[in-house]
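The values are calculated or read from the model by the stated rules, or taken from the named source; none is laboratory data. In this text, all values refer to a predicted model and were calculated from it rather than measured experimentally. Glycine gets a Cβ as well: all are built from the backbone with ideal geometry, and neighbour counts include every protein chain shown. With ligands, DNA and RNA removed, areas are computed over all heavy atoms of the protein, side chains included. Shrake-Rupley method; radii C 1.70, N 1.55, O 1.52, S 1.80 Å.
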Amino acid sequence: MPWRPPLGPWQATTALVLLAGSPARADQPFQTKGVFTPGGLVAVTLPSGARDFQVNGVPVPEAAAGVHLLGFGRDETGTVRLSARAADGTRLATAIPLAPRSFRIERLPALGTTDTPAPEWVARREREIARTVLAKAVAVARPTDAAGWQGPFVLPVAGRITGVYGSQRIFGTLARNPHWGLDIAAPRGTLVRAPAPGIVRLADGPFLIEGNLVLLDHGAGLVSLYAHLDDIRVRPGDTLEAGDPVGTVGTTGRSTGPHLHWGLSLLRPAATATAYREIRLDPALLLEPAVQP
Ligand SMILES: [Zn+2]
């Protein structure tokens with residue numbers, strides 16, 4: 001039976017534009033696609049001829065002509081102020097509150113022992129992180145190589161959701177990193193498919209934590225990660241269409257059973273040592289209907 005995408009496109013919404021100038025422009029709102037909530041990815045389309053788009057007073061790079069991609073981190077709150085200059089010079093502005101959401105926090109007793117990783121482990125992990133950083137820096141430097149960010153996005157593998165974005169374990173006062181992705185349990189060997197078109201920037205392993213991993217660049221700074229793969233079916237530089245095989249489900253790296261860890265990030269150019277700022281997003285928000293564990 002041919003494979004068919006199990007899920008549909010982004011939610012479409014239209015933001016109301018509050019005008020600083022003439023109300024005659026009320027018929028030209030910013031078009032938005034996506035969810036204004038922590039972990040959400042939103043595409044904003046400007047009215048024809050508008051420019052100088054800013055979010056909370058900060059310019060945002062264009063993903064395509066007149067289209068800008070926004071991402072909201074797990075702990076962001078408050079109101080998002082969007083503004084631009086219309087073709088006739090008037091200022092367009094709107095304010096959209098981020099819909100609050102809560103994350104599963106597990107509070108557990110303090111760990112009796114503090115295990116310090118061996119120096120060899122730390123050194124190897126540093127090399128792995130350096131390779132990931134380099135691959136992401138390439139994605140940031142080449143934002144027009146792929147247009148998969150436009151979606152639609154499909155679930156890369158069918159299965160039971162066993163881990164959700166943003167959940168966190170706290171042992172005593174020691175907070176572990178939040179879970180940056182969606183875990184989907186499926187039998188070992190099940191094909192993992194590209195959820196949207198992209199270019200493979202990294203395909204290697206096993207890494208200590210991610211096991212065999214693939215990093216897929218969807219363009220405009222949007223990248224996705226597939227971890228704990230049994231088998232990798234792509235090579236760096238490969239161009240994939242939605243539905244193309246990436247690899248197979250496995251339990252390599254730090255994993256307790258066969259599952260896919262699917263991560264999603266929006267990378268923004270930055271004047272830092274790594275040359276980008278990473279906004280970790282919730283892949284589940286790209287899918288419709290929304291998936292629930
Ligand atoms: Zn995971």
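State whether one or more residues within region 109-122 are open to solvent by less than 90 Å² (accessible area, probe 1.4 Å), in contact with a strand residue (DSSP E or B) (Cβ under 7 Å, 6 or more places away or on another chain) and not in a helix (DSSP H, G or I). Explain how you work it out, then say what you get.
First, pick out the residues of region 109-122 that are open to solvent by less than 90 Å² (accessible area, probe 1.4 Å): 110-112, 117-118, 121-122.
Remaining after also requiring in contact with a strand residue (DSSP E or B) (Cβ under 7 Å, 6 or more places away or on another chain): 110-111.
In the following step, the residues that additionally are not in a helix (DSSP H, G or I) were identified as 110-111.
Yes, the conditions are met somewhere in region 109-122.
Scan region 73-90 for residues that are surrounded by 13 or more Cβ atoms within 10 Å (Cβ to Cβ) and under 17 Å from G57 (Cα atoms) and the total you get is 9. Residues that are free of Cβ contacts under 8 Å to residues at least 60 places away in the same chain, open to solvent by 70 Å² or more (accessible area, probe 1.4 Å) and over 18 Å from the mean Cα position of the chain (by Cα) within region 162-185 comprise just one, R176. The condition (being hydrophobic (A, V, I, L, M, F, W, C), open to solvent by 10 Å² or more (accessible area, probe 1.4 Å), touching a helix residue (DSSP H, G or I) at 6+ places or on another chain (Cβ under 7 Å) and at pLDDT below 95) is satisfied by just one residue among A275, A270: A275. Among the residues of region 208-259, those that are open to solvent by less than 10 Å² (accessible area, probe 1.4 Å), among the hydrophobic types (A, V, I, L, M, F, W, C) and within 12 Å of the ligand (Cβ to nearest atom) comprise L213, A227. Restricting A43, A139, A147 to those that are small (G, A, S), in contact (Cβ under 8 Å) with a residue 24 or more places away in the chain, closer than 30 Å to R235 by Cβ and surrounded by fewer than 18 Cβ atoms within 10 Å (Cβ to Cβ) reduces the list to A147.
Assess whether P197 counts as being within 29 Å of P269 (Cβ to Cβ), more than 15 Å from the ligand (Cβ to nearest atom) and under 19 Å from the mean Cα position of the chain (by Cα). I'd like the intermediate steps shown before the answer.
Details: within 29 Å of P269 (Cβ to Cβ): yes; more than 15 Å from the ligand (Cβ to nearest atom): yes; under 19 Å from the mean Cα position of the chain (by Cα): yes.
Spelling it out, P197 is indeed within 29 Å of P269 (Cβ to Cβ), more than 15 Å from the ligand (Cβ to nearest atom) and under 19 Å from the mean Cα position of the chain (by Cα).
Within region 186-207, is even one residue under 30 Å from G112 (Cβ atoms) and in contact (Cβ under 8 Å) with a residue 60 or more places away in the chain? Scanning region 186-207, I find at least one residue that is under 30 Å from G112 (Cβ atoms) and in contact (Cβ under 8 Å) with a residue 60 or more places away in the chain, so the answer is yes.
Going by the structure shown, is V157 within 30 Å of P245 (Cβ to Cβ) and touching a Phe, Trp or Tyr at 6+ places or on another chain (Cβ under 7 Å)? Let's see the steps before the verdict.
Values: within 30 Å of P245 (Cβ to Cβ): yes; touching a Phe, Trp or Tyr at 6+ places or on another chain (Cβ under 7 Å): no.
So V157 fails the test.
Filtered by the rule that a residue be open to solvent by 20 Å² or more (accessible area, probe 1.4 Å) and touching a residue at least 40 places away in the same chain (Cβ under 8 Å), region 123-135 gives R124, R125, R131, T132, V133.
If V214 meets every condition in (1) farther than 24 Å from I161 by Cβ; (2) assigned to a strand (DSSP E or B) apart from one, which number is that one? Failing condition for V214: (1).
Across region 85-108, which residue is farthest from the chain's Cα centre (by Cα) among those that are among the charged types (D, E, K, R) and in a loop (DSSP other than H, G, I, E, B)? Explain how you work it out, then say what you get.
Taking region 85-108 and keeping what is among the charged types (D, E, K, R), we get 85, 88, 91, 101, 104, 106-107.
Now drop any that are not in a loop (DSSP other than H, G, I, E, B), which leaves 88, 101, 104.
Details: D88: 35, R101: 17, R104: 19 Å.
If we take residues in region 85-108 being among the charged types (D, E, K, R) and in a loop (DSSP other than H, G, I, E, B), then D88 is farthest from the chain's Cα centre (by Cα).
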